[in-house]
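These notes are about the structure you will find just below.
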Amino acid sequence: MNELSRQEKAYRLFKRYEGNPILTPESWPYPANAVFNPAAIKLNSETVLLVRVEDMRGFSHITAARSADGFTNWEIDGTPTLEADQTCQEEKWGLEDPRIIWLEEQKQFAVTYTSFGEGGPVISLAITKNFKAFARLGALLPPEDKDACLFPRRFKGRFALIHRPIVRGEAHMWLSFSPDLKHWGDHRVLIKTRPAYWDCHRVGLACQPIEMPIGWMIFYHGVRITTAGAIYRVGIALLDLEEPWRVLRRSDEWVLAPRAAYERVGDVGDVVFPSGATVHKETDRLNLYYGAADCTVAVATASLSDVLDYIMSCPEIEE
Ligand code: BMA
């Protein structure tokens, strides 16, 4: 496939929901400055979002919102669902940007989020059955680290975590392993920033890893810093099913970029920041939930088979 026809495919892959933004500070049951960067998962027949809510101090917590169709009639918890533990100095300034995965072995959901404290941002893990009661497992790796999610199952006996440390000012995605969800090691770089591309300055995991017969579908955000500020866009990579450290494909171009007014203007303009997705195989649909301009929550949809077809048309990665 030539470059232009693949770029056209990428451009048409996602459709913004006409009712966007689906969640706003104005629709919130209590005062909030911004509601954005949600984790997403299907629970029974509902879509559950864990939304990052920023209060008027500038500190964030996480609140659950539920909807039967994933687009409308959101039922939002009336008080914060998961808040910073004030006795824990890593969480002093709040909790941000959660991701959710179903851990089959534990029969529980794992929620990874960024804890903000004086030492810098770290990834923390909490386990829950129902998004009401949470068991906190604490910080996983040293700062500065963000944009993390577990895989839903073990690889050769070990859990795997995608995360994004910042080392020497460089912001690549890494993969780390653990036998027990507590001790992490065997760290390796997974997806790097690409000089000159739209994702040249930072990359970070977007939604939870999505298991497909052809591999793990990984949405990620890529940042380019311009003279007018940073632009956050979204790309896709495909990882090997059994050896997820092997990147099979990566999109040259982005598949979603700030275009709508609510993505271009906000507390931080020109940001689309997906952090959760739901897969609806019966209707061949993928819902991508994202924070828009660090202010509101929006959703874009794609045909699952079109996404898979597009990924397979992306360049193969030579190791
Ligand atoms: C990143 C994260 C996100 C935020 C984005 C754009 O570093 O902190 O929470 O949405 O910047 O401001």
In the chain, what % of DSSP beta bridges are antiparallel (nearest 5)?
95
Compute the relative contact order of the stretch 234-319 as a whole-number percentage, counting only Cα pairs closer than 8 Å that sit 6 or more residues apart in sequence.
28
Which one of 211, 91, 18 has the biggest mean-square fluctuation once the chain is modelled by GNM with Cα springs under 10 Å?
18
By the C-alpha gyration tensor axes a ≥ b ≥ c (rounded if a/c is under 1.5, else prolate when a/b exceeds b/c, else oblate), the shape of the stretch 3-313 is rounded
Keeping all protein chains in place, calculate the accessible area per residue for the chain (probe 1.4 angstrom), answer in Å².
42
Between 173, 217, 56, find the one with the highest GNM mean-square fluctuation for the chain; connect C-alpha pairs within less than 10 Å.
56
Mind running the shape call on the stretch 151-274? Use the C-alpha gyration tensor, a ≥ b ≥ c as the square roots of the eigenvalues: rounded below 1.5 for a/c, prolate if a/b tops b/c, oblate otherwise.
prolate
Cβ-based net charge around residue 200, under 9 Å, with every Lys or Arg adding one and every Asp or Glu removing one:
+2
Take the alpha-carbon centre of the stretch 233-261, take the same for the stretch 157-232, and report the distance between them in whole Å.
10
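Quick one: of 42/156; 92/146; 42/107; 156/192; 15/42; 107/146, which pairs are farther than 18 Å apart, Cα to Cα?
42/156; 156/192; 15/42; 107/146
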Given H placed on each backbone N at 1.01 Å, which residues far from residue 43 in sequence or on other chains put an amide H within less than 5 Å of it?
48
Relative contact order for the stretch 3-313 using alpha-carbon pairs under 8 Å, separation at least 6, rounded to a whole percent?
17
Between the alpha carbon centres of the stretch 86-121 and the stretch 287-309 the gap in Å comes to 23
Net charge, residue 101 excluded, C-beta distance under 13 Å - Lys, Arg +1, Asp, Glu -1:
+2
Give the carbon-plus-sulfur fraction of the accessible surface of the stretch 3-313 in %, rounded to a whole number; probe 1.4 Å, heavy atoms of protein chains only.
52
So, counting K/R as plus one and D/E as minus one, what does the shell of residues with Cβ under 15 Å around residue 270 add up to?
+1
The stretch 209-300 shape via C-alpha gyration tensor axes, a/c threshold 1.5:
oblate
Rounded to the nearest 500 deg cm²/dmol, what is the calculated helix-only ellipticity per residue at 222 nm for the chain, with -39500 (n - 2.57) per DSSP H run of length n ≥ 4?
-2000 deg cm²/dmol
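The values are calculated or read from the model by the stated rules, or taken from the named source; none is laboratory data. Keep in mind the model is a prediction, meaning the values are calculated, not measured. All Cβ positions, glycine included, derive from the backbone under ideal geometry; neighbour counts span all protein chains shown. These accessible areas exclude ligands, DNA and RNA; they are computed on the full protein's heavy atoms, side chains included. Shrake-Rupley method; radii C 1.70, N 1.55, O 1.52, S 1.80 Å.
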